[in-house]
Amino acid sequence: MTAASNSNPWAPWTSRPFCTEDTRYCVFTNAGFQGPNRGLSIIDAPTDGTGNVTTAAAFFAELLSSLHPAPETAEEKSPPYQVRDIPGKGKGIVATRKISRGQVIMVDYAAVMADARFPSRVKREQGRQLLEEAIERLPDAKEVLNLARSSSDPDNVPVTEDVVKTNSFSVNIAGKEYMALFPRIARINHACKPSALTHFNSTAFSNTVTAFHDILPGKEITISYSPFGLPSPARHKILLAKWGFTCTCALCSSPPHALAASDARRNKIEALGKEVVGLVEIGGTADLKKAAELYAEVVDAVKAEGLVPHLGGHYDVLGRLWAAAGEVEKGKGWILKGRKEEEGYERSAAGGERV
Ligand SMILES: C[S@@+](CC[C@H](N)C(=O)[O-])C[C@H]1O[C@@H](n2cnc3c(N)ncnc32)[C@H](O)[C@@H]1O
């Protein structure tokens, strides 16, 4: 990270920001962000239209001037995965050694971040220019330009636009939605029962990938692009509309009876969850007892469906429901079980034992 210096009038940006003619949006680049080969370009509105610098642009500038390159982690020195060809999905990442539940697989940094509203607020040509500048100003533009594309009309869509659309995740920074492209995470395919989770840190612009469960060598590492726990019709709709592909993950390719059983569990989790909330709102002892009984069914279905990496939070809720229903000892038992489960996960997740 390059600190503000007297010789650079645009610090913390390493070059003069590129702005559209109306200056509604600009590209701010720091080519040294997180080391000489990474860099970060931000597409954001520098002013509120009256010449005042908006909080978002000022926020980024302040944050960037105080960020320092993260020390190289064990997983960066010797990653536990390789990028490989995955039949039917282009490339993907595959574990090269055993990765344990809760272990950090990779920490990636955004290379491009853009106000999610910018495409609808600038003319098409301006949008294209902004994206082109944002990517070309990075030290390794090719790393981004070589990422997957998904447009059905690749000859008529600029590479920059296609790549950013295919590979960006939405993140929230200071209450505002951004599209963020993490070039290494971009190689991770989606699965409806993923083997890893991502966690975005909005003050470091980092995204950490953690193992959801143990992953054996040779197995693909996957994350979920859609909200967790949806039944297949709902997630297919989102993946097609937002990501432009038809999912061929293990769950979606499973035999019809297995897929139907999974959907039934997911629908049941949602319906029971709503019923539990209703009963808690009524709040009588008998209602709370019924809520606890139903929540026990939710926990079983969540477990059977493999929807959480650790069940501690669910056990805690179950314990509190039993306690509220007057069954204090039973409640305590579940709360303690929840704590034990959380401790085990936190140890492995924080673990020092990065892969
Ligand atoms: C963010 S990229 C993931 C990495 C990409 N496969 C590559 O070659 O770099 C997203 C693209 O990967 C493919 N993809 C990811 N998950 C998939 C899945 N579950 N089923 C089918 N295609 C998938 C789709 O083509 C999608 O547009």
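Within the range 70-113, work out how many residues are farther than 27 Å from Leu40 by Cα, open to solvent by 80 Å² or more (accessible area, probe 1.4 Å) and either at pLDDT below 90 or within 16 Å of the ligand (Cβ to nearest atom) (or both). Please lay out each step first, then the result.
Just the residues of the range 70-113 that are farther than 27 Å from Leu40 by Cα, to begin with: 85-89, 95-102.
From what's left, open to solvent by 80 Å² or more (accessible area, probe 1.4 Å): 85, 87-88, 97-98.
Still in the list and also either at pLDDT below 90 or within 16 Å of the ligand (Cβ to nearest atom) (or both): 85, 87-88.
Residues meeting the conditions: 3.
Could you please let me know if Lys165 is open to solvent by 50 Å² or more (accessible area, probe 1.4 Å), within 16 Å of the ligand (Cβ to nearest atom), outside any helix (DSSP H, G or I) and not polar (S, T, N, Q)?
Working: open to solvent by 50 Å² or more (accessible area, probe 1.4 Å): yes; within 16 Å of the ligand (Cβ to nearest atom): yes; outside any helix (DSSP H, G or I): no; not polar (S, T, N, Q): yes.
Here the answer is no, as Lys165 does not meet what is asked.
For every residue, the table says whether it meets (1) within 16 Å of the ligand (Cβ to nearest atom); (2) of a type in the set (Val, Ile, Thr).
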{"residue": "Thr160", "(1), (2)": "yes, yes"}
{"residue": "Tyr178", "(1), (2)": "no, no"}
{"residue": "Arg184", "(1), (2)": "yes, no"}
{"residue": "Leu197", "(1), (2)": "yes, no"}
{"residue": "Ser202", "(1), (2)": "no, no"}
{"residue": "Ser206", "(1), (2)": "no, no"}
{"residue": "Ala211", "(1), (2)": "no, no"}
{"residue": "Arg235", "(1), (2)": "yes, no"}
{"residue": "Leu239", "(1), (2)": "yes, no"}
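Among the residues that make up the range 252-260, is at least one of them away from the ligand (no atom under 16 Å from the Cβ), closer than 28 Å to Lys340 by Cα and either among the β-branched types (Val, Ile, Thr) or open to solvent by 30 Å² or more (accessible area, probe 1.4 Å) (or both)? Full working, then the answer.
First, the residues of the range 252-260 that are away from the ligand (no atom under 16 Å from the Cβ): 255-258, 260.
Next, from what is left, pick out any that are closer than 28 Å to Lys340 by Cα: none.
Checking the range 252-260: not a single residue is away from the ligand (no atom under 16 Å from the Cβ), closer than 28 Å to Lys340 by Cα and either among the β-branched types (Val, Ile, Thr) or open to solvent by 30 Å² or more (accessible area, probe 1.4 Å) (or both).
Restricting to the range 241-267, what's the tally of residues that are free of Cβ contacts under 8 Å to residues at least 12 places away in the same chain and either under 30 Å from Val164 (Cβ atoms) or in a helix (DSSP H, G or I) (or both)? Quick ask: steps written out before the conclusion?
Let us first name the residues in the range 241-267 that are free of Cβ contacts under 8 Å to residues at least 12 places away in the same chain, namely 241, 246, 253-258, 260-261, 264.
Add one more test, that the residue is either under 30 Å from Val164 (Cβ atoms) or in a helix (DSSP H, G or I) (or both), and what stays is 241, 246, 253, 256-258, 260-261, 264.
Qualifying residue count for the region: 9.
List the number of the failed condition for Glu305; all other conditions in (1) open to solvent by 20 Å² or more (accessible area, probe 1.4 Å); (2) within 26 Å of the chain's Cα centre (by Cα); (3) not aliphatic (A, V, I, L, M) hold.
The one condition Glu305 does not meet is (1).
Given Leu138, Leu147, which one is more than 13 Å from the ligand (Cβ to nearest atom), modelled with pLDDT of 90 or more, assigned to a loop (DSSP other than H, G, I, E, B) and in contact with a helix residue (DSSP H, G or I) (Cβ under 9 Å, 6 or more places away or on another chain)?
Being more than 13 Å from the ligand (Cβ to nearest atom), modelled with pLDDT of 90 or more, assigned to a loop (DSSP other than H, G, I, E, B) and in contact with a helix residue (DSSP H, G or I) (Cβ under 9 Å, 6 or more places away or on another chain) holds for just one of Leu138, Leu147, which is Leu138.
Looking at Ile173, is it open to solvent by less than 10 Å² (accessible area, probe 1.4 Å), of a type in the set (A, V, I, L, M, F, W, C) and within 9 Å of the ligand (Cβ to nearest atom)? Reasoning before the result, please.
Working: open to solvent by less than 10 Å² (accessible area, probe 1.4 Å): yes; of a type in the set (A, V, I, L, M, F, W, C): yes; within 9 Å of the ligand (Cβ to nearest atom): no.
It is false that Ile173 is open to solvent by less than 10 Å² (accessible area, probe 1.4 Å), of a type in the set (A, V, I, L, M, F, W, C) and within 9 Å of the ligand (Cβ to nearest atom).
Assess whether Ala204 counts as being surrounded by fewer than 17 Cβ atoms within 10 Å (Cβ to Cβ), out of contact with any strand residue (DSSP E or B) (no Cβ under 9 Å at 6 or more places or on another chain) and in the same structural domain as Ile43 (by TED's automatic domain parsing). So that I can check it myself, show each step before the final result.
Values: surrounded by fewer than 17 Cβ atoms within 10 Å (Cβ to Cβ): yes; out of contact with any strand residue (DSSP E or B) (no Cβ under 9 Å at 6 or more places or on another chain): no; in the same structural domain as Ile43 (by TED's automatic domain parsing): yes.
Against the criterion (surrounded by fewer than 17 Cβ atoms within 10 Å (Cβ to Cβ), out of contact with any strand residue (DSSP E or B) (no Cβ under 9 Å at 6 or more places or on another chain) and in the same structural domain as Ile43 (by TED's automatic domain parsing)), Ala204 does not qualify.
The values are calculated or read from the model by the stated rules, or taken from the named source; none is laboratory data. Because the structure is predicted, anything quoted here is derived from the model rather than measured. With ideal geometry, Cβ positions are generated from the backbone for all residues, glycine too; neighbour counts draw on all protein chains shown. Side chains are part of the model used for accessible areas, which takes the heavy atoms of the whole protein and leaves out ligands, DNA and RNA. Shrake-Rupley method; radii C 1.70, N 1.55, O 1.52, S 1.80 Å.
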